[in-house]
Ligand SMILES: Cc1ncc(COP(=O)(O)OP(=O)(O)O)c(N)n1
Ligand SMILES: Cc1nc(C(=O)O)sc1CCOP(=O)(O)O
Ligand SMILES: [Mg+2]
């Protein structure tokens, strides 16, 4: 188990970056230079070996930044990247991906493991002893994930935060204008794709997101999320 830094969380979606004619590695470097502490590599249509190459590229681009780097869905990719001697911190899995118990077994006790959970039933099933954070969304409908569930809205997000002891990362249709309201729900972080990857100026957009969220306490390793770390 490892503490996830709070605040701005950038999901580097390969398709969104490609549509904006940008390399995810360049967006990643710009984001960490702007103060983003958590990155996730997501490439839903890429062959697995391309996802490995992409993750290595991003990891190398942000090397030395101290940012937490995760892979969407694919534990095998994280393991291969590690086996090549390149640092990757963990994986974010959804409800149809590998079970978090298996993810934890494969990646080890120090990995960061996140899981998607939004409904009361999904949140109740999350084992807080195996997972470091929950990703809850979509807060709003978003073209970036057409198969997402119904929008939670801020009230639904607040309910998700109240339903779990784990840090909650809000996601889906969010941008800089939402940072204050999302933080007020008690969410630990705010994850975006389009607001940075498709922005006219990703560096500026990342900086604005970091500033709008405001200061975050340093993560405490092994801390139980009681609200004190939010
Ligand atoms: C931080 C964060 N939260 C939720 C998701 C969604 O993951 P998942 O449900 O597995 O859906 P896909 O992203 O795989 O389409 C996420 N990636 N990150
Ligand atoms: C990757 C992802 N997961 C979601 C969920 O609801 O679990 S919504 C989403 C896409 C977020 O992209 P954008 O910031 O462009 O709306
Ligand atoms: Mg998934």
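Nothing in this text is a laboratory measurement; each read-out follows from the coordinates by a stated rule. From a predicted model like this one, the values you see are computed outputs, not experimental measurements. All Cβ positions, even for glycine, are placed from backbone atoms using ideal geometry, and neighbour counts span all protein chains on display.
Structural remarks
- Single residue of region 113-122 satisfying the filter (surrounded by fewer than 21 Cβ atoms within 10 Å (Cβ to Cβ) and closer than 12 Å to residue 156 by Cα) that is farthest from ligand 3 (Cβ to nearest atom): 120
- Among the residues of region 128-151, those that are within 10 Å of ligand 1 (Cβ to nearest atom) and either closer than 13 Å to residue 164 by Cβ or surrounded by 17 or more Cβ atoms within 10 Å (Cβ to Cβ) (or both) comprise 133, 134, 135, 136, 137, 138, 144, 145, 148.
- Positions within region 88-106 being away from ligand 3 (no atom under 11 Å from the Cβ) and within 16 Å of residue 4 (Cα to Cα), in sequence order: 88, 89, 90, 104
- For region 72-106, the set of residues classified as in contact with a helix residue (DSSP H, G or I) (Cβ under 7 Å, 6 or more places away or on another chain), part of a strand (DSSP E or B) and either within 13 Å of ligand 2 (Cβ to nearest atom) or over 26 Å from residue 149 (Cα atoms) (or both) consists of 93 only.
- Of the residues 76, 72, the single one that is surrounded by 14 or more Cβ atoms within 10 Å (Cβ to Cβ) and within 23 Å of residue 124 (Cα to Cα) is 72.
- Restricting attention to region 173-198 and to residues that are in contact with a strand residue (DSSP E or B) (Cβ under 8 Å, 6 or more places away or on another chain) and in a loop (DSSP other than H, G, I, E, B), the residue that is surrounded by the fewest Cβ atoms within 10 Å (Cβ to Cβ) turns out to be 186.
- Count - residues of region 31-65 that are at positive phi and in contact (Cβ under 8 Å) with a residue 60 or more places away in the chain: 1
- Residue, nearest to residue 102 (Cα to Cα), within region 157-171, restricted to residues that are buried (at least 20 other Cβ atoms within 10 Å of the Cβ) and without any contact (Cβ under 8 Å) to a residue 40 or more places away in the chain: 168
- Complete set of residues in region 124-162 that are touching a strand residue (DSSP E or B) at 6+ places or on another chain (Cβ under 7 Å), more than 15 Å from ligand 3 (Cβ to nearest atom) and outside any loop (DSSP other than H, G, I, E, B): 157, 160, 161
- Checklist (1) part of a loop (DSSP other than H, G, I, E, B); (2) closer than 21 Å to residue 6 by Cα; (3) within 13 Å of ligand 1 (Cβ to nearest atom) applied to residue 109, failing item: (3)
- Residue match in region 45-68 (condition: within 15 Å of the chain's Cα centre (by Cα), within 16 Å of ligand 2 (Cβ to nearest atom) and part of a strand (DSSP E or B)): no
- Residue count, region 101-136 (criterion: on the phi > 0 side of the Ramachandran plot and in contact (Cβ under 8 Å) with a residue 12 or more places away in the chain): 0
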